[in-house]
Amino acid sequence: MLTHPFIPEQILLTEPDLHADPLHPLLVGVVDQVRTVVAWAREYLCEPHPELGRKGPVCPYAQGSLDRDTFYLAVHRGDTVNEAELDEVLAVYRDWFHRLEPITGPSAQFKTILLTLPDLPGERARQIVDRTQLRLKPSYTDQGLMLGEFHDGPPAKGGLWNTDFRPLRSPVPMLVVRYMVASDLPFLADDPATFAGYLRYFGSRGPTSLRGQIRAAAQRHGLPIPETSADVSILHPNTNQGVR
């Protein structure tokens, strides 16, 4: 368990913490739901799916995150959530994410924080998660991060290889922070703000298979393509796969 250095009520848990005795107070009453998130990651994200439309696991990073103990779980309690407050809570975890090891190198792409909302009832959770992700996504991509939305709805976004597949379905509502990778382009190219964030970090260094899409999106949004990345420390263009 990691405790925020300045905000002790905000903690990050790993899988062993879900079986501690005694449990952390944040987990009382919801530990089974949070354990379900880890089981979902292992049994769904880390495995192939017949509807995915490509080979390999649903998420090519989940197994590496679990194996490296960089699969961090945060818990935000309450059956109602003030969205402005949720933005602030997420901002703390986002800023903390930047300081968590590993910061550079190939292993950094596997680091993730899953902010779970185990008390929120179904429809309310779906609305809050979707609105929050839509509202905050540009500010996260500006920092080289992705903010993913997951709930049992499931979220309306289809898969890249099978648009009828809904890969972001999860048993517990959550918002997920991870580093942006070069293959995230299809999730960012339609919005000029998020695409600008992509260009800031990857410029013309995206995967060869995506460079045509980079040029087309840049022309569509009237944005120049930088020749080099502004921050090469987090670039991991070694895969063309993503959770969708």
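Where a number appears in this text, it was derived from the coordinates with a stated rule and is not lab data. If you're wondering where the values come from, they're calculated on a predicted model, not measured in any experiment. Reconstructed Cβ throughout: ideal geometry from the backbone, glycine too, with neighbour counts over all protein chains shown.
The phi torsions of the range 51-68, fed into the Karplus equation with coefficients 6.51, -1.76 and 1.60 and a -60° offset, translate into couplings of 9, 5, x, 8, 7, x, x, 4, 10, x, 10, 4, 4, x, 5, 5, 5, 8 Hz, rounded to whole numbers, with Gly and Pro shown as x. As an equivalent ellipsoid, the chain spans semi-axes of 29, 19, 18 angstrom, where each value is the square root of five times an eigenvalue of the C-alpha gyration tensor, largest first. Taking the alpha-carbon distance from Lys137 and a cut-off under 18 Å, which aspartates and glutamates remain once sequence neighbours fewer than 8 residues away in the same chain are dropped? The qualifying aspartates and glutamates are Glu83, Glu85, Asp87, Glu88, Asp95, Glu149, Asp184, Asp190, Asp191.
In terms of overall dimensions, the range 96-145 has a Cα radius of gyration and Dmax of 13.8, 40 angstrom.
Computed about the Cα centre, the dipole magnitude for the chain is approximately 960 debye when only Lys and Arg (+1) and Asp and Glu (-1) carry charge, each at its Cβ. Modelled spin labels at His49 and Arg211, positioned 7 Å past Cα toward Cβ, are 3.2 nm from each other.
Secondary structure note: in the chain, about 70% of the DSSP beta bridges are antiparallel. Charge dipole of the range 42-147 (Cα centre as origin; +1 on each Lys and Arg Cβ, -1 on each Asp and Glu Cβ, all else neutral): 300 debye, rounded to the nearest 20. For the range 1-74, applying the loop criterion from DSSP together with a ceiling of 10 other beta carbons within 10 Å to the GluC sites (Glu not before Pro) yields Glu9. Projecting the Cα atoms of Met146, Thr116, Pro106 onto the dipole axis of the range 66-171, where Lys and Arg carry +1 and Asp and Glu carry -1 at the beta carbon, places Pro106 farthest toward the positive end.
The stretch between Ile103 and Trp161 holds 17.8 nm of extra length on full extension. This uses 0.36 nm per residue minus the Cα-Cα distance. Between the listed residues Tyr61, Val177, Trp96, the Cα displaced farthest toward the positive end of the dipole of the chain, a dipole computed from Cβ unit charges relative to the Cα centre, is found at Tyr61.
The loop-placed chymotrypsin sites (Phe, Trp or Tyr not before Pro) in the range 1-60, going by DSSP, that have at most 12 neighbouring Cβ atoms within 10 Å of their Cβ come out as Phe6.
Label-to-label distance, Asn82 versus Arg35, with points set 7 angstrom from Cα along the beta-carbon direction: 3.4 nm. The stretch between Arg131 and Asp21, if pulled fully straight at 0.36 nm per residue, gains 36.0 nm over its current Cα-Cα span.
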